[in-house]
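The values are calculated or read from the model by the stated rules, or taken from the named source; none is laboratory data. The shown structure was predicted, so the numbers you read here are calculated from the model rather than taken from an experiment. Because the Cβ atoms are built from the backbone with ideal geometry, glycine has one as well, and the counts that use them run over all protein chains shown. Just so you know, the surface numbers come from the protein's heavy atoms only, side chains and all, with ligands and any DNA or RNA stripped out. Shrake-Rupley method; radii C 1.70, N 1.55, O 1.52, S 1.80 Å.
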Amino acid sequence: MGHFLCRNTPSSVTRNEPMTEQMTGAQALVRALEQVGVDTVFGIPGGAILPAYDPLYDSKKVRHVLVRHEQGAGHAAEGYAQATGRVGVCMATSGPGATNLVTPIADAYMDSVPIVAITGQVASAAIGTDAFQEADISGITMPITKHNFLVTDPADIPRTIVEAFHIAATGRPGPVLVDISKDALQATTTYTWPVQMQLPGYRPVTRPHSKQIREAARLIAEAKRPVLYVGGGVHKATASPELLELAELTGIPVITTLMARGTFPDSHRQHLGMPGMHGTVAAVGALQRSDLMIVLGARFDDRVTGRLDTFAPHAKVVHADIDPAEISKNRHADVPIVGDCKEVISDLVAAIKADGRKGDYAEWWRHLDAYRETYALGYETYEDGSLAPQYIMERIGALVGPDAIYTAGVGQHQMWAAQFIGYENPGSFINSGGAGTMGFAVPAAMGAKMGRPDKEVWAIDGDGCFQMTNQELATCALEGVPIKIAVINNGNLGMVRQWQTLFYDQRYSNTDLQSSRRIPDFVKLAEAYGCVGLRCERPEDVDDTIRKAMEITDMPVVIDFVVHADAMVWPMVAAGTSNDDIKYARDMAPKWEHED
Ligand SMILES: Cc1ncc(C[n+]2csc(CCOP(=O)(O)OP(=O)(O)O)c2C)c(N)n1
Ligand SMILES: [Mg+2]
């Protein structure tokens, strides 16, 4: 069983006599949602889903949050899921309501986020006739859902809901769509509870094979230059404590991918940082020179590997993942391990203790420490007094601290947030890794804050991303969701502009948003949405502005940080090139002189 459990899998259902009752399909839907433990649904009503909104109006257990765009509902469900470890839920009507969910569903699929999307469908007799607001949403989302259902019989609704939540939360988590025709919502049915799931072919393997574990332990003892390559699956398995034990038992260096920031404390001596396109020289260099990669819940994304045929050329690979389809997909695994990372890592710890040998990595650490010292993360500051975006991240990290939850949009600001805030706790950095979805930050922060109202939640957003989904500020203001949004306003689609600077001769085609001209004025926009708007343009005002935002705990706060337009994200491995060609600043390549 995965550890990303909704508290409502059938095992928690009381084993009393089956309960039966006559009700509509819509009432059955709401009752089933209540019985699987849903407390929050993000959505927008419309014709086909309207019957469901009527019993929802009466529910004492399910809070429906009326968003302003269905994309916001989907990302909010993702933020909620990642902040709580439970399944996030979004709801929309047929046709355009459902297609507006496509982007967050794709996003959740890429990042293995457990959400259930419930959509209304036109009446079953009208399906396939191009009826008003008809879209084949189960067809459209087939390749981007872990599973999806089209329900036309009201009697199937409770069982389908239980199955959807079970599939979303167990094994490798992911999005599940439940599309329900309007007539199924309206018809009367006999509601029976508990239900029997009918998923004969679905049995995720969570227990790793002991022979593979012993083989991995042997390779670890014999390796000279091992690295723990940690991905998002480790946090999803709530395996941070086991990871810490494994790392400290063996003394092996740890790198955490974008999806794993916080899974291992940034402050830990053995942590080399993030690998990949904008990773640290130490993390990238460690992988390139390693003789053994222990890959845990990660998938050799091209943003990590760079040119695949030059990635970590000397390394043997131990690859553990709950999804067998990931093993040897991009890189051959010498020791494939299918299983839940919590079980895999604790079994590895036991096997290493039983093996009794200890690897000697002193020489390895001498090289790594040299990389780390020579090529520490750094950034440019500006003599004209303008703001360096990286400095803002450092100050947010210092003042707000590691107990908060951070979300990010996509672009330069996302990479600076990954590099400079400093994460100590698993799940404290929620962002769109696989899909790279601009507009993720604000609705994801809203969902995270609603799931964890006890946490301070900061969205680090770009001026471009913010203009894609900021309408959810209205939702936040009206629903009382006091998140903070730090807009890193460089006036540009900065990440694209960075590529134009480096690879397109500084021809800045269509990347100038002119948002530093205050179109729109983010402070006024915040105020128009019933939020507090603050602006900060100089380094000496950064701390005061952050503190002011922290003091406001009853309203959402938007800070317009107007920053230097030319700041760039370094280090960088250019797309399609080898990790060996990493640059730590423009035209500055590290010297790998600490070689044997
Ligand atoms: C929905 C979507 N459209 C386009 C892109 C391509 N893209 C990646 S980063 C980026 C620029 C983001 O601009 P901004 O939010 O201002 O962030 P910055 O890079 O300036 O920090 C764009 C257009 C994307 N990732 N997602
Ligand atoms: Mg920008």
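I'd like to verify a number: residues in segment 382-397 that are more than 16 Å from ligand 2 (Cβ to nearest atom) and either in contact with a strand residue (DSSP E or B) (Cβ under 7 Å, 6 or more places away or on another chain) or without any contact (Cβ under 8 Å) to a residue 24 or more places away in the chain (or both), how many?
3
Could you list all residues from segment 421-443 that are within 13 Å of ligand 1 (Cβ to nearest atom) and either part of a loop (DSSP other than H, G, I, E, B) or closer than 23 Å to ASP541 by Cβ (or both)?
Across segment 421-443, the qualifying residues are ASN431, SER432, GLY433, GLY434, ALA435, GLY436, THR437, MET438, GLY439, PHE440, ALA441.
What single numbered condition from (1) under 16 Å from ALA526 (Cβ atoms); (2) assigned to a helix (DSSP H, G or I); (3) in contact with a helix residue (DSSP H, G or I) (Cβ under 7 Å, 6 or more places away or on another chain); (4) near ligand 2 (Cβ under 10 Å from one of its atoms) fails to hold for ASP461?
Failed condition: (2).
If a residue has to be in a helix (DSSP H, G or I) and within 16 Å of ligand 2 (Cβ to nearest atom) to count, how many in segment 472-528 make the cut?
Looking only at segment 472-528, we keep the residues that are in a helix (DSSP H, G or I), and these are 472-479, 494-503, 515-517, 522-528.
Among the residues that remain, those that are also within 16 Å of ligand 2 (Cβ to nearest atom) are: 494-501, 515-517, 522, 525.
Matching residues across segment 472-528 total 13.
Can you tell me which residue is farthest from the chain's Cα centre (by Cα) among those in segment 194-249 that are open to solvent by less than 50 Å² (accessible area, probe 1.4 Å) and among the polar types (S, T, N, Q)?
If we take residues in segment 194-249 being open to solvent by less than 50 Å² (accessible area, probe 1.4 Å) and among the polar types (S, T, N, Q), then GLN212 is farthest from the chain's Cα centre (by Cα).
Yes/no matrix, rows are residues, columns are (1) open to solvent by less than 10 Å² (accessible area, probe 1.4 Å); (2) among the hydrophobic types (A, V, I, L, M, F, W, C); (3) closer than 27 Å to ARG303 by Cβ; (4) touching a residue at least 24 places away in the same chain (Cβ under 8 Å):
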{"site": "TRP416", "(1), (2), (3), (4)": "yes, yes, yes, yes"}
{"site": "ASN431", "(1), (2), (3), (4)": "yes, no, yes, yes"}
{"site": "MET438", "(1), (2), (3), (4)": "no, yes, yes, yes"}
{"site": "LYS449", "(1), (2), (3), (4)": "no, no, no, yes"}
{"site": "ASP454", "(1), (2), (3), (4)": "no, no, no, no"}
{"site": "VAL457", "(1), (2), (3), (4)": "yes, yes, yes, yes"}
{"site": "GLN467", "(1), (2), (3), (4)": "no, no, yes, yes"}
{"site": "ALA474", "(1), (2), (3), (4)": "no, yes, no, yes"}
{"site": "LEU478", "(1), (2), (3), (4)": "no, yes, no, yes"}
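Do any residues in segment 399-411 that are open to solvent by 20 Å² or more (accessible area, probe 1.4 Å) have Cβ atoms under 7 Å from those of residues that are within 12 Å of ligand 2 (Cβ to nearest atom), where the two are at least six apart or on different chains, and which pairs are they?
Correct list of pairs: VAL410/MET438; VAL410/CYS465.
For segment 509-525, check the following and say yes or no: at least one residue is crowded, with 24+ Cβ neighbours inside 10 Å and either among the hydrophobic types (A, V, I, L, M, F, W, C) or within 15 Å of ligand 1 (Cβ to nearest atom) (or both). Reasoning before the result, please.
Just the residues of segment 509-525 that are crowded, with 24+ Cβ neighbours inside 10 Å, to begin with: 522.
Restricting the remaining residues to those that are either among the hydrophobic types (A, V, I, L, M, F, W, C) or within 15 Å of ligand 1 (Cβ to nearest atom) (or both) gives 522.
Within segment 509-525, one or more residues are crowded, with 24+ Cβ neighbours inside 10 Å and either among the hydrophobic types (A, V, I, L, M, F, W, C) or within 15 Å of ligand 1 (Cβ to nearest atom) (or both).
What are the residues in segment 49-79 that are assigned to a helix (DSSP H, G or I), open to solvent by 10 Å² or more (accessible area, probe 1.4 Å), in contact (Cβ under 8 Å) with a residue 40 or more places away in the chain and not polar (S, T, N, Q), if any?
Listed by number, the residues that qualify are LEU50, PRO51.
So, of the residues in segment 130-155 that are closer than 13 Å to THR99 by Cα and part of a helix (DSSP H, G or I), which turns out to be most open to solvent (accessible area, probe 1.4 Å)? Write out each step before concluding.
Going through segment 130-155, the residues closer than 13 Å to THR99 by Cα turn out to be 133-142, 144.
Retained after the next criterion (residues that are part of a helix (DSSP H, G or I)): 137-142, 144.
Numbers: ILE137: 2, SER138: 17, GLY139: 34, ILE140: 77, THR141: 0, MET142: 120, ILE144: 34 Å².
Per the criteria, the residue is MET142.
Using the structure shown, decide if VAL496 is buried (at least 24 other Cβ atoms within 10 Å of the Cβ) and within 11 Å of ligand 1 (Cβ to nearest atom).
Details: buried (at least 24 other Cβ atoms within 10 Å of the Cβ): no; within 11 Å of ligand 1 (Cβ to nearest atom): yes.
It is false that VAL496 is buried (at least 24 other Cβ atoms within 10 Å of the Cβ) and within 11 Å of ligand 1 (Cβ to nearest atom).
Only one of these is within 32 Å of the chain's Cα centre (by Cα), among the small types (Gly, Ala, Ser) and on the phi < 0 side of the Ramachandran plot: ALA169, ALA184. Name it.
On the way: ALA184 fails: within 32 Å of the chain's Cα centre (by Cα).
Result: ALA169 is the single residue among ALA169, ALA184 that is within 32 Å of the chain's Cα centre (by Cα), among the small types (Gly, Ala, Ser) and on the phi < 0 side of the Ramachandran plot.
Which ones in segment 344-369 are of a type in the set (Lys, Arg) and farther than 24 Å from ALA283 by Cα?
Keep residues of segment 344-369 that are of a type in the set (Lys, Arg), which gives 353, 357-358, 366.
Across segment 344-369, the qualifying residues are LYS353, ARG357.
Is it the case that SER267 is in contact (Cβ under 8 Å) with a residue 24 or more places away in the chain and small (Gly, Ala, Ser)?
Numbers: in contact (Cβ under 8 Å) with a residue 24 or more places away in the chain: yes; small (Gly, Ala, Ser): yes.
Against the criterion (in contact (Cβ under 8 Å) with a residue 24 or more places away in the chain and small (Gly, Ala, Ser)), SER267 qualifies.
Here's a check for you: in segment 480-493, which residue that is of a type outside the set (A, V, I, L, M, F, W, C) and within 14 Å of ligand 1 (Cβ to nearest atom) is surrounded by the fewest Cβ atoms within 10 Å (Cβ to Cβ)? Explain how you work it out, then say what you get.
Filtering segment 480-493 for residues of a type outside the set (A, V, I, L, M, F, W, C) gives 480, 482, 484, 489-492.
After this cut, where a residue has to be within 14 Å of ligand 1 (Cβ to nearest atom) as well, the list is 489-492.
On the way: ASN489: 29, ASN490: 27, GLY491: 19, ASN492: 24.
Taking the candidates together, the pick is GLY491.
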